[in-house]
Amino acid sequence: MGDTIFGKIIRREIPADIVYEDDDVLAFRDLNPQAPVHVLFIPKQPIATLNDATPEDAALLGKVLLAAADYARQEGFAQDGYRTVINCNTHGGQTVYHLHVHLLAGRRLSWPPG
Ligand code: DGP
């Protein structure tokens, strides 16, 4: 599994605005925010894309999603709502090949995406 910029963030080799961490999950603010709140939730154990996830990763992926939902509740925007996105490969717009969940909030988001 190739290392990515997110591996460097996990290992504190490069800085990031970390907002949540537990044994399995790390969350930090996106460098290029697309909404007033834009946080990336990642498994510390890297999975390149959603295509690479296996049934053994089910609990880990669940933890990543639940961490995002907990964060939304704690930050007070769960009721207004938010969007979670996992981009996969080229057509999905994935640029960092360490699976991550985008959590976008703080404004009404348009749908469908472009
Ligand atoms: P995606 O396009 O789905 O692969 O999203 C990758 C996101 O990662 C993109 O929104 C920008 C963000 N990003 C890339 N490099 C860095 C970095 O070094 N630090 C932080 N905080 N975010 C980054």
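Of all trypsin sites (Lys or Arg not before Pro) in the range 1-62, which ones are in loop regions per DSSP and have a Cβ with at most 15 other Cβ atoms within 10 Å?
For trypsin sites (Lys or Arg not before Pro) across the range 1-62 that sit outside H, G, I, E and B with at most 15 neighbouring Cβ atoms in 10 Å, the list reads Arg11, Arg12.
Where the only charges are on Cβ atoms (+1 Lys, Arg; -1 Asp, Glu), what is the dipole of the chain about its Cα centre, to the nearest 20 debye?
Dipole size: approximately 400 debye.
Out of Gly76, Leu26, Val96, whose Cα points farthest toward the positive end of the dipole of the chain (charges: +1 Lys, Arg; -1 Asp, Glu; placed on Cβ)?
Gly76
As I understand it, the value is the acute angle between the Cα axis of helix 58-75 and the longest principal axis of the Cα atoms of the chain; what does it come to in degrees, rounded to 10?
30 degrees
Per DSSP H run of at least 4 residues, take -39500 (n - 2.57); add these up for the chain, divide by its residues and hand me the 222 nm value, nearest 500 deg cm²/dmol.
-7000 deg cm²/dmol
Here, each number is a calculation from the coordinates, and none is a lab measurement. None of the values given here were measured: they were computed from a predicted structure. Note that we place each Cβ from the backbone using ideal geometry, even for glycine, and neighbour counts take in every protein chain shown.
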